[in-house]
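The structure appears right after this line, and notes come after that.
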Amino acid sequence: ALTETEKRLYKKLTRRENTMFLFQDGPGLEKILSTLEFTDRRDTPTDDDQETPEIHFYSSPDTHGQVFALNEILRKEERMPDEKTVVVLPSSETLFPLLRQSLSILDEQNYNISIGYPIVRTPIFGFLNNLMELVANMDQNRVYIPDYLTFALHPYTKNISFDGRSEITRIMFHTIEEYLTGKRTKTFAALPEIENDRNLLEIILRNIPDPKETKVSAEKIKRHLSIIHDRTIRKFLMFDDVKDFSSKCIDVLTYIYDSSTARLHPLFYPFVESFIQSFDAIGRSLMKDTRFSERSSYFNFFRKYAMTRNMPFEGTPLRGLQVLGLLETRCIRFRKVFILDANEEVIPDTRREYTMIPHKAREILGLPTYKDRDRLIEHYFDTLVKGADEAHLFFVENDKKEKSRFVERYIWELQKRDGNPNAERYIRTVAYRVTLKNRMPEAVKKTEGVLQFLKTFRFSPTALDTYLTCQLEFYFRYVLNIGKKEELSGDIERSDIGKCVHRVLAEYFSLRRGYILGPDDIVPGVMNGLLDRAFAQDYGKNISGAPFLLKSRMKVHLKDLLLKYYLPLLGEEPLTVLDTERKIRIRKKSFHLEGRLDSIERRGKRIVIIDYKTGSDSNSLRIKFDKLDLGKRETWAEAIGSIQLPFYLLLYSETTGANINDLGGMFLLLGQNAIGKGIELPLFRSDEEKKFFPLLERVIFGILREIVDHRALFRPATDKKHSCPACDYRYLCGTQWVVKTGRK
């Protein structure tokens, strides 16, 4: 691989009598020799009796299959692999699978690794990248909370020592995660706001076991958190120039090394050493005085620079199995060669030059091109394989990858030698033994402790709906109290929208209860003001982006609710709001029942229980009376979309003594595109259907008795395709394989 300058030097050296050139024969050598104008060329005689190497080919569906196949070969070796055996890794991505799955069975003294590993694949790059993302996405002096939590929960950050103990910092940051996640609607916060939140500090202190014994106080926690912010986030808020940027990066890594348990990781020191060398090179480069106008430009500069850097695994090749990159094998002869990832676009790397200089211009200027690089790789690959006694070539074959052209050439040579047109004869296929058996969840028996718990449990309509859908989900959610871990994604959750709408409607109608409403009570401007205040509390006063668009849409929908639904309703019959957000608790037939009624309205002579739904799907809520058979338990889940409205009617009737025939219930589907009379989903569509209420009441208590019956098991859902795909507990049950389908 000679540059134009080297070729000129070599041409002059060829004229000297005391100069001798030695070349290793292989593909592409003739082209190099022809450019050097040798006057005295002597070819070393080859040994005609030298045997061609024994070449084996292995096809695998993925990288790990290659490593497993290599393991089998090494395991069958009669003696420990020595320095005459090499495992070649053209792709550094295979290094750690090889290290963990193959080399782990060898003593460290029995193998040597000499290969470059991309620093962008190290956890240190992930740590720095998280920090840079956090600072780049700040809104003035406020951090974006999802980015802040990603950085805070990185193992390097959350294991910073507090008085010699890293568990205190872990408790601190995980408590901060729970605290900030509980305020999902708040997506930005200033660092002093987090540091000085007395409520948060007290919660952290309560979560620390024996704080007095460990001498931990709220003031110490605050100071510790501030120091971490100072030594990491605040360091990256401003840079004078590239040199200052690189210096501050070194300071952050030094702080992590000195203060975190990261240094206990066996590879942390070589990783961090490589990064510090890279930053030191940046700080001493010709760009050191360069200033960028944008803070994020420093981060982009570092990322692009890091993509060009490799961390060398520098071994001491005295003895043992050699693990080398392809270029590290130059001029070394091995008895036994194992080459992994012998795939196209790996051997050779056929990507074109990523440069502003076009390919033709590079040729005219005498600069290396991808064609030169391909010829070079071919030379190294061929001399390595043909110089061995035994070669094993592994490659991945799937819908995205194919074997290298060099491998294809070797197979073709064997086909010509043997006169065999079947190429597959020479390839051993690595196959996995896969048992494609889907796990089915098992029913759970009720222990005495569970039965005692259920006797005092307060049953809500949501709990009964859950039980009807899947008894195992009820068991996980309400009995074991396994809740879904809340995550702060920055997106607006559907549940947050529902809470906001309920809060605004309750506040609006609570000011207008107790009398017959008139047209003057329909005031969209007041509703808008309540919505503005709710969003200011949840998202802050100066909102933009998704929250702003959502609020605009909600204003239109709530305005339509007043003008296109409630205003026409006032002209049809007298309407009085009796109560909003009313919580009712009763005890009946030894069961504790509770529910929260969104709105209770007197419409004409009837009292109607209203439940607001921000969705638009009526099928998941409707009760199909024609399919409901009290004597056939299996029909209950299929016929009942939601037991919520009959449950509310039962609560209200028991509390007030109201006759059930004078009561009605309906869902208002606020998520429908067109707001009008069509948003109503009544429990009973006619007076004739009211006769089914006693049946529904018997279903409710039938479910309750079944829940507390020690003979009845908690069973999985019968309609798994409808219930399991969206369930939070599908991984506990092992039903994550179920594909969702619509419910008939």
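What the table below lists for this structure:
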item	result
Contour minus Cα-Cα distance for Asp389 and Gln736 (0.36 nm per residue)	120.0 nm
Shape category assigned to region 668-736 from the gyration tensor of Cα positions, a/c cut at 1.5	oblate
Sequence of Glu594, Glu345 from largest to smallest accessible area, 1.4 Å probe	Glu345, Glu594
Over the chain: helical MRE at 222 nm, DSSP H runs n ≥ 4 each giving -39500 (n - 2.57), nearest 500	-12500 deg cm²/dmol
Proximal lysine pairs, region 1-160, alpha carbons under 28 Å, eight or more residues apart or interchain	4
Full-stretch length increase - Lys605, Thr254 - with 0.36 nm per residue and alpha-carbon distance subtracted	118.7 nm
Length-normalised contact order for the chain - Cα pairs under 8 Å, 6+ apart - percent	16
Positive minus negative residues near Met554 (Lys, Arg vs Asp, Glu; Cβ under 11 Å)	+2
Among 456-467, 266-277, the order from most to least packed when residues are scored by Cβ within 10 Å on average	456-467, 266-277
With Cα atoms, 0 to 90° folded angle of helix 546-560 axis to the chain main axis	20
In Å, descending, principal axis extents of the Cα set of the chain	119, 65, 60
Distance violations [Cα-Cα > 27 Å] among Lys589/Lys691; Lys485/Lys613; Lys559/Lys721	Lys559/Lys721
Difference of contour (0.36 nm per residue) and Cα-Cα distance, Glu273 to Val556	96.1 nm
Most to least accessible of Glu294, Glu17, Glu202 (protein chains only, probe 1.4 Å)	Glu17, Glu294, Glu202
Glu78/Ala1 FRET efficiency (R0 51 Å; Cβ-Cβ; nearest 0.05)	0.85
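The values are calculated or read from the model by the stated rules, or taken from the named source; none is laboratory data. Just so you know, these numbers come straight off a predicted model, no measurement behind them. Please note: Cβ atoms are built from the backbone with ideal geometry, for glycine as well, and neighbour counts cover all protein chains shown. With ligands, DNA and RNA removed, areas are computed over all heavy atoms of the protein, side chains included. Shrake-Rupley method; radii C 1.70, N 1.55, O 1.52, S 1.80 Å.
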